[in-house]
Amino acid sequence: MDVVRRAVLAGLCLALVSPVAATAGPQEPSRRGSISASADVEKVLVDAYVIGPRGSVLPGLTPSDFRLLVGGEEVPVEEVEFIPAGRSEIPARAPAAVEESGTPEFPEGRLIVLFFQADFGRYRTKGLMRMANETVAFLDRLLPTDRVAVVSYDSHLKLRLDFTADRAAIHRALFDTLKIGGAPDPPPPNPFPSLAAHFDVDAARKAATIERGLLVTARALQKIPGGKVMFFLGWGLHVNRQPTDWKWHALAVNALQEARVNVFTLDVSDADWHTLEVTLMNLADLTGGTYAKTHIFSAQALDLAFRAIEGRYVVVFGRPERPPGRHVIELTLRTKKGRVLARPFYDDP
């Protein structure tokens with residue numbers, strides 16, 4: 001991470017004015033008798049993607065393979081669980097238990113949010129059209145168990161598609177994101193898990209900045225248990241250059257943490273460099289994702305992002321004795337070669 005990105009990261013950590021707990025409340029155990037999908041008050045849970053030297057996920061890692069620093073001091077990793085792309089971390093339940101609780105059975109597979117940042121400018125629209133076409137080509141790489149939701153932002157936030165495995169519906173929604181203006185009604189909620197069921201339509205229409213749009217999306221995702229991934233296809237945050245942008249950015253990052261969302265940012269700008277790209281790098285850094293430019297090797301950027309999410313680790317460690325507040329963490333591999341993508345902080349309530 002270069003000096004500029006470190007400065008932005010430090011500034012945002014100071015600006016996060018509303019710390020939240022590292023977990024969003026009690027949920028069911030994540031595996032067939034293994035890690036809880038939400039760590040208790042004495043534990044911290046981190047969702048991590050581990051990428052090997054060739055860009056693919058590294059399976060089979062154990063707690064001893066990870067090195068964890070909290071505030072610069074090493075803390076032991078207690079448990080790790082690998083969640084393959086085709087499986088849910090939420091355990092299957094007996095039909096009688098489902099009927100008794102009234103809560104639908106959680107399906108297998110990944111939850112993927114495609115977030116498009118639209119724009120009236122010709123150069124950015126060109127990049128969005130290119131990436132919409134490239135994303136369609138990658139739909140064949142989705143697993144039958146994957147569920148995709150599509151969200152777009154221009155003058156306000158719009159939910160284009162609830163979580164679904166319907167490839168034709170995803171295809172249509174991708175190109176709906178290129179339609180700027182208007183306020184279409186959000187789609188009706190699909191069966192559980194549903195983003196539309198928790199989507200605040202009024203707040204979405206009042207979201208005057210991209211940061212507030214991210215916040216509305218993240219708050220809806222908080223209602224759905226388990227880890228999720230977001231592909232943010234856009235050109236930058238803090239576009240209004242107002243001090244309040246930092247406030248909404250901070251709240252959005254907090255909400256994404258609670259919702260357990262790793263954000264992979266794909267820069268659609270037709271430029272080798274631009275002033276807002278650091279904001280996209282920063283969003284990826286703070287949520288445990290990656291940043292990639294798409295104006296030259298767009299297919300390669302998508303390929304690397306799709307390969308990175310072929311499997312996810314749930315990492316659990318004991319909460320160290322620290323004063324309340326935000327604490328910096330660094331999760332790396334001890335001996336194996338690879339890159340760990342995970343959020344760089346947790347909050348002590």
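Values as computed for the structure displayed
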read-out: Filter result (among the aliphatic types (A, V, I, L, M) and within 11 Å of the chain's Cα centre (by Cα)) within segment 226-240; value: VAL229, MET230
read-out: Test: ARG67 is crowded, with 16+ Cβ neighbours inside 10 Å, modelled with pLDDT of 90 or more, under 26 Å from PRO323 (Cα atoms) and basic (Lys, Arg); value: yes
read-out: Residue that is surrounded by the fewest Cβ atoms within 10 Å (Cβ to Cβ), among those in segment 283-304 that are among the small types (Gly, Ala, Ser) and modelled with pLDDT under 95; value: ALA299
read-out: Segment 240-278, residues that are over 15 Å from LEU215 (Cβ atoms) and crowded, with 22+ Cβ neighbours inside 10 Å; value: ARG260, ASN262, PHE264, THR265, LEU266, ASP267, VAL268, SER269
read-out: Candidate set: segment 313-326, residues that are over 20 Å from the mean Cα position of the chain (by Cα) and not in a loop (DSSP other than H, G, I, E, B); chosen: the one farthest from ALA85 (Cα to Cα); value: GLY325
read-out: LYS223, sole failed condition from (1) surrounded by fewer than 18 Cβ atoms within 10 Å (Cβ to Cβ); (2) more than 17 Å from the chain's Cα centre (by Cα); (3) in a loop (DSSP other than H, G, I, E, B); value: (2)
read-out: Selected residue [at pLDDT below 85 and either aliphatic (A, V, I, L, M) or touching a helix residue (DSSP H, G or I) at 6+ places or on another chain (Cβ under 7 Å) (or both)] from ILE112, ILE90; value: ILE90
read-out: Tally, over segment 140-156, of residues that are among the β-branched types (Val, Ile, Thr) and either surrounded by fewer than 21 Cβ atoms within 10 Å (Cβ to Cβ) or in a loop (DSSP other than H, G, I, E, B) (or both); value: 1
read-out: Flag if GLU100 is modelled with pLDDT of 95 or more, over 30 Å from HIS171 (Cβ atoms), outside any loop (DSSP other than H, G, I, E, B) and over 21 Å from the mean Cα position of the chain (by Cα); value: no
read-out: Verdict on ALA197 being more than 27 Å from HIS238 (Cβ to Cβ) and either of a type in the set (Gly, Ala, Ser) or without any contact (Cβ under 8 Å) to a residue 40 or more places away in the chain (or both); value: yes
read-out: Of residues in segment 292-312 being in a loop (DSSP other than H, G, I, E, B) and touching a residue at least 40 places away in the same chain (Cβ under 8 Å), the one nearest to ASP47 (Cα to Cα); value: ILE309
read-out: Matching residues in segment 169-226 - criterion: being at pLDDT 95 or above, over 26 Å from GLY109 (Cα atoms), small (Gly, Ala, Ser) and out of contact with any strand residue (DSSP E or B) (no Cβ under 6 Å at 6 or more places or on another chain); value: ALA203
read-out: Matching residues in segment 157-185 - criterion: being assigned to a loop (DSSP other than H, G, I, E, B) and buried (at least 19 other Cβ atoms within 10 Å of the Cβ); value: THR177
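A quick yes/no check of all residues on (1) over 27 Å from PRO225 (Cβ atoms); (2) touching a Phe, Trp or Tyr at 6+ places or on another chain (Cβ under 9 Å); (3) not acidic (Asp, Glu):
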site	(1), (2), (3)
ASN262	no, yes, yes
THR265	no, yes, yes
TYR291	yes, yes, yes
LEU302	yes, yes, yes
GLY338	yes, no, yes
PRO344	no, no, yes
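Conditions tested, residue by residue: (1) closer than 18 Å to VAL268 by Cβ; (2) of a type in the set (Lys, Arg); (3) touching a residue at least 40 places away in the same chain (Cβ under 8 Å).
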{"residue": "ARG147", "(1), (2), (3)": "no, yes, yes"}
{"residue": "VAL150", "(1), (2), (3)": "yes, no, no"}
{"residue": "ASP162", "(1), (2), (3)": "no, no, no"}
{"residue": "ALA169", "(1), (2), (3)": "no, no, no"}
{"residue": "ARG172", "(1), (2), (3)": "no, yes, no"}
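The values are calculated or read from the model by the stated rules, or taken from the named source; none is laboratory data. It should be emphasised that the depicted structure is a prediction, and the values quoted were computed from it without experimental measurement. Every residue, glycine among them, receives a Cβ derived from its backbone with ideal geometry; neighbour counts consider all protein chains shown.
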